[in-house]
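Everything on this sheet refers to the single structure shown next.
The values are calculated or read from the model by the stated rules, or taken from the named source; none is laboratory data. In this text, all values refer to a predicted model and were calculated from it rather than measured experimentally. Cβ coordinates were reconstructed from backbone atoms using ideal geometry, including for glycine residues, and neighbour counts include every protein chain displayed. The protein model used for the area step is the full one, side chains on, heavy atoms only, and it has no ligands, DNA or RNA in it. Shrake-Rupley method; radii C 1.70, N 1.55, O 1.52, S 1.80 Å.
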Amino acid sequence: MVLHINGVKQEVTTDADVELLSVLRNELELTGTKYGCGEGACGACTVLVNGRPTRSCITPVSAVSGKEIITIEGLAKNGKLHPVQQSFLAADPFQCSYCASGMIMSAVALLNSNPAPTETAIVNAMNGNICRCGTYPNIVNAIKLASKP
Amino acid sequence: MEDPNKLPHPYEPFAGELPEQAAVQSVIDRRKFFKLFGGGLAVAFVLHDLFSFADEGGVSMPPSVPASQVAAWIHIGEDGKVNVYTGKVEVGQNIRTSLSQIVAEELKVPIASITMIMGDTDLVPFDAGTFGSRTTPQMGTQLRKAAATAREVIVDMAAKSWNSEIKSLRAEDGFVLNTATGKKLGFGEITKGQQLLLPISDQAQVTAAKDWKVAGKTVLKVNGESFLTGKHQYVSDMKLPGMLYGKVLRAPSYNARLVSVDTKSAKAIAGVTVVHEGDFVGVAATDPVTARKALQAIDAKWQENHEQPSTATVFDYLVKTSQPGGGRNAPNSKGNIRDGLLAADFTQDRTYHINYIAHVPLEPRAALARWVDGKLTVWTGTQRPFGVQDDLAGVFNVAKEKVRVIMPDTGSGYGGKHSGEAAIEAARISRVAGKPVKLVWTREEEFTWAYFRPGGVIKVESGLKADGTITAWKFQNYNSGGAGLSTQYNIANHEIVHFPSDSPLKQGSYRGLASTANVFARESHMTDMARQVKMDQLAFRLKNLDDVRLKAVLELAAKRFGWGNTTKTTGQGFGLACGYEKGGYVATCAEVYVNNDKEVKVVRVTQAFECGAIVNPLHLENQVMGSIVQGLGGALFEAIDFKEGKILNPDLTGYRVPRFSDMPKIEIVTIDRKDLPSAGAGEAAILGIAPAIRNAILDATGVALTNLPLVPTGSLA
C-alpha cells in the first residue's frame, strides 16, 4: 500500500486493518503524532486527511490510501514553522505538551476552513482534543493569535 | 537555606514513596566526570557536607570531599557552556525553564548557554523525587547557591589573573568585565585547562528577588519548539536498534490468581518471545501489531475474587476497616470538644464523601529497557527516577550502580507517576528476550493498573456562637490522607484525626494530595456555618482567620470577583473557598448558574494565588490555570466506577475529564511577594475550586452537596 504523507509517497507493508497511528509511529517513525486513548476520544493522534482533522488511532490505514495525509512533522516548510506553530510558540500555552501535536493539527484544520473563528467556533472545533494539564484558555488564546481578523 | 521539611506546611509523603535511607548519594568519579564533560569548573554538592564548607572560600578540594565521590550540580565548560544537573524531572511544570532562569540569574550567563540535565541517575545527584512542590523552594535554592558560588570563584580567578581588585569586576552575560580597564574574559577562558571542583558555599551572595533581571520575568519554555514540531522524544516515542515491542498479560480483575496459562500459540508466531515468570506473563515482538496478536493468542485461566467492595459499598467499607490514628496520623487535639459543643449556639454534623479519581496523564506509562553486559538502562516517565532505580535493583537483584534510569521530559504526572511498573515490566521482558524492549501502556492499563487519588469519608462536627465564633471543630478523615487536615481558622476546641483504612483500590499521591478532600470538607462546612449565623461567607472567614497571607488572597480574589457587589438573579449563586498547602496560598470565588432543569453551569471563576517571589509569571499562571481546570473535573464529574475488582470506566468516554466546552470564564490574579522565598505552585492552586463551586451551588439553590464529584450527571438530583 502507498500512503501520501507530508507530500511524500511512502510504501507501507502493514495489514490493511491496522490503525494509521501505529503505521505512522512505528513503521514510518513519525512519532510526533501521539497515542492518548485508542478510542478517538482525546485527539492526541489527530492528523489531516485531505485537510480534515482525523483521529488516526481509530482510522484503518486502508481508509487513507491515496489520500493526502499531513502530520505535525509536515507543517514546517524549509525549516520555517507553520504560522500556527509560530503562534503557539509565542503564546507558550502548554505544560507537558503531549497534546500539542493534536491541538495544533486541529487548529490548523479549523483556521484553514475558518481563518477568523469566534471563540465559540474555536471551542466547537477543538472540543475533541483533551489537554489534561488544563491549558484550554491558553490554547484558545494561541489560536486567536493565529487567526486573521 | 530554608528547609521545606521545617516549613509550617510540610510535605507529607504517601507511604512507600520515599526511599528507606534519605541520604543515599549518587556519585560519579571525579576523573570520569571531567573526562565525560571536559575540564572547567564544577560546583559540587555532597549531602552530608552541605554546610560544613561555609567558611572555606578556596578553589581547592576541601579535605572532607572524597576525591572520587563527587556529585556535580553545575559545570561550566571551557567553551563557556553551562550544564546543570538535577534529579528533578519535567512533567509539564516548566521547571526546565524556571531552574534555568534561576541559574542564569545567579551565574550571570545567558539562558541559552544553559543545558539542564534532569532525572538521569548516572549523571545527576540523588533526589527523592519531583513531588510535594519542592522543586522551586528546595532545588531552586540549592542551584541558586551553587551558581552564586561558581560566579564568585570565577570573578576571583579573573581578579587574580588580571591582578586587579574584585571591586572593579562584574560578571555579566557569561563574561567577567573589568570596569577599570575595560577588559573582558569569558567564563570558559577563565576556567580553561582547569579541573576545579568547588563545594557549594552557603556564604555565596545570592541576588535578592527585587533585583532579579532574568528570574522573576516571563521566559518562554526553553525547549518549546521541539514539542510544537513533534520532534521531542517522549519515552513512548523512543526507538533503539533491534528494539522489540512488549505487552503484558493482565488479570481480568484485581486480586485474581493465574490458574493456568497456555502460551504455545503465542510462541508459534514468528519473532515472538514469551516471558512467563510466576504470575507475570509478557510478550515481545518486532512490531506492536504482532505483540498484540501474541497477547491475544495466550490462553489464560484466572480465579477471580468477586467479594470486593464496589463504588456503592466503598464508603462504608473505608469506615469499617479504618485503624485508630497513630504516629503521623495521631489525633491533633486542642481544648475539649464537648465543652466547645456545649458552649455553642448552633451545632452541625455532616459527612462528606470523596470518590476515587484518576490522574489520567495523557501519556500513559511507558518504558524502554536495555540490558548490556549485566547493566540495565531504562528510559521511563517517572517522578522518582532514583526510586525506580531502587525498585529495579531489588526486582532483578543487581547492584544499584548497575541500573540507570533516565527520564526525558514526560507527558505529565500530577502525582500519578511515582512508580515504575512499566519500567519493571519492560526490563523483565528485555532480560529474557535479549534485546531492548519498549512497553507503552494502553489507556485502559493506565486507568486500571496505575493508582488513584484515595477515596475517603470525612465527618465534621462543629459548634458555633451566634456572633460567628467557632467553639468546636471535630474533623475525622477516613482514608483520604493527612495533607491539609488541620484547620487554619481560630477555634478554641478541636479534634482532628486521619484514620487510615484498607483501600480496595491502589491509591497514592495526587496533585495537592489529600488536601483536595480535606479542604473541600472544611471549606464546605465553613460556608454552612456562615449560613447558620446568617453571615456572609467572606466575612465569616475573615472573622476567624489570623493568617495574613491567606487573608490577602481571600480579599484580593473577592475584590477582583466583585464579591458582594451583585444582586443575585434566579439560579445564580456565588461561593468562595480558601486554603494553603506547601507554601502556596489560594482563594477562589465561583459563580454558578442552575437552570430550571437543575443543570449546573460554572459561569465564572476568579482565583488569587500567592507563593512567594514569582520566578516566571507566565508559567506560574499556566500552573494555576491547570490546577483550576484539573480541579474542576474532580469537583464536577470525575469518579472511578468499580465493582468486583474491575474498573467499569477505564477509558475517556467512560471517565469524563474537562474539555474546552467545560471552561468557565477564568480570571487568575497572583501576588508577587518578592520579600518571601519562592514556593512551588503546582499543587495548592487546586484546592479552592471544588468547595467554591459547591458553596456557589448552595447559594443558588439551598442544596448543600456533600459528595465529590458534585454533579456527575451534570445536574442536581
### Query
For the range B:242-362, what is the accessible area per residue in Å² when the probe is 1.4 Å?
51 Å²
#### Entry: Gyration tensor verdict on the protein assembly as shown (Cα atoms; rounded if a/c is under 1.5, prolate if a/b is larger than b/c, oblate otherwise)
rounded
### Query
Using the per-residue mean of other Cβ atoms lying within 10 Å as a proxy for protection, in what order, highest first, do the peptides B:686-696, B:500-510, B:95-105 fall?
B:686-696, B:95-105, B:500-510
## Note on the structure
Mean shadow area (nm²) of the C-alpha convex hull around the range A:83-146 is 3.6 nm²
### Query
Hey, how much of the P(r) for the range A:2-72 falls beyond 15 Å, as a percent of Cα pairs?
44 percent
## Note on the structure
Within the protein assembly as shown, the percent of DSSP beta bridges that are antiparallel, given to the nearest 5, stands at 75 percent
### Task
Please report the relative contact order for chain B, taking Cα pairs under 8 Å with a sequence separation of at least 6, and give it as a percent rounded to a whole number.
14 percent
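What do you get for Rg/Rh over the range B:506-657 if you use C-alpha atoms and the Kirkwood form of Rh?
Rg/Rh: 0.99.
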### Normalised contact order of the range A:1-145, rounded percent, pairs of Cα under 8 Å and 6 or more residues apart
26 percent
### Task
Using a Gaussian network model of chain A whose springs link C-alpha atoms within less than 10 Å, name the residue from A:Thr54, A:Thr13, A:Thr46 with the highest mean-square fluctuation.
A:Thr13
### Inter-chain shielding of A:137-144 (mean C-beta neighbours from other protein chains, 10 Å cut-off)
3
### Message
Buried by at least 30 Å² relative to the chain on its own: which residues of the range B:77-105 qualify, computing accessible area with a 1.4 Å probe on protein heavy atoms?
### Response
B:Gly92
### Query
Among bridges DSSP assigns within chain B, what percent are antiparallel (round to 5)?
70 percent
### log10 of Debye I(q)/I(0), alpha-carbon scatterers only, for the range B:621-717 at 0.19 Å⁻¹
-1.01
### Query
In cubic angstrom, how much convex hull volume per residue do the alpha carbon atoms of chain A span?
101 Å³
### Positive-end residue, the range B:536-660 charge dipole about Cα centroid, Cβ charges, pick of B:Gly584, B:Val602, B:Val624
B:Val602
### Query
Dipole magnitude of the range A:2-72 about its Cα centre, charges +1 at Lys/Arg Cβ and -1 at Asp/Glu Cβ only, in debye to the nearest 20?
280 debye
### Task
Could you please state how large a percent of the accessible area of the protein assembly as shown is carbon and sulfur, counting protein chains only and using a 1.4 Å probe?
50 percent
### Summary
Two pseudo-spin positions, 7 Å from Cα along C-beta at B:Thr567 and at B:Ile671, lie apart in nanometres by 3.3 nm
### Task
Report the Stokes-Einstein translational diffusion coefficient (µm² s⁻¹, integer) for the range B:484-553, Rh taken as the Kirkwood radius over Cα pairs, at 37 °C with viscosity 0.692 mPa s.
233 µm²/s
### Task
Starting from the coordinates of the alpha-carbon atoms of the range B:387-464, obtain the Kirkwood hydrodynamic radius over all distinct pairs and give the value in Å to one decimal.
15.3 Å
### Summary
Whole-Å distance linking the alpha carbon centroid of the range B:139-208 with that of the range B:566-613 is 49 Å
#### Entry: Alpha-carbon radius of gyration plus Dmax, which is the widest Cα pair, for the range B:472-520 in Å
11.8, 37
### Query
How many Cβ atoms of partner chains, on average, are near each residue of A:69-81 if near means within 10 Å of its Cβ?
2
### Query
How large is the dipole of the protein assembly as shown about the Cα centre if only Lys and Arg carry +1 and Asp and Glu carry -1, each at its Cβ, rounded to the nearest 20 debye?
940 debye
### Summary
Out of B:Tyr234, B:Ala180, B:Gln203 - ranked by how far each Cα lies towards the positive end of the dipole of the range B:159-234, with unit charges on the beta-carbon of charged residues - the top one is B:Ala180
## Note on the structure
Shape descriptors of chain B over alpha-carbon atoms, Rg and Dmax in angstrom, are 27.4, 83
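Answer rounded, prolate or oblate for the range B:183-265, using the Cα gyration tensor with square roots of eigenvalues a ≥ b ≥ c: rounded when a/c is under 1.5, else prolate when a/b is larger than b/c, else oblate.
prolate
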## Note on the structure
B:Val372 and B:Lys239 label points (each 7 Å along its Cα→Cβ direction) are spaced in nm at 2.0 nm
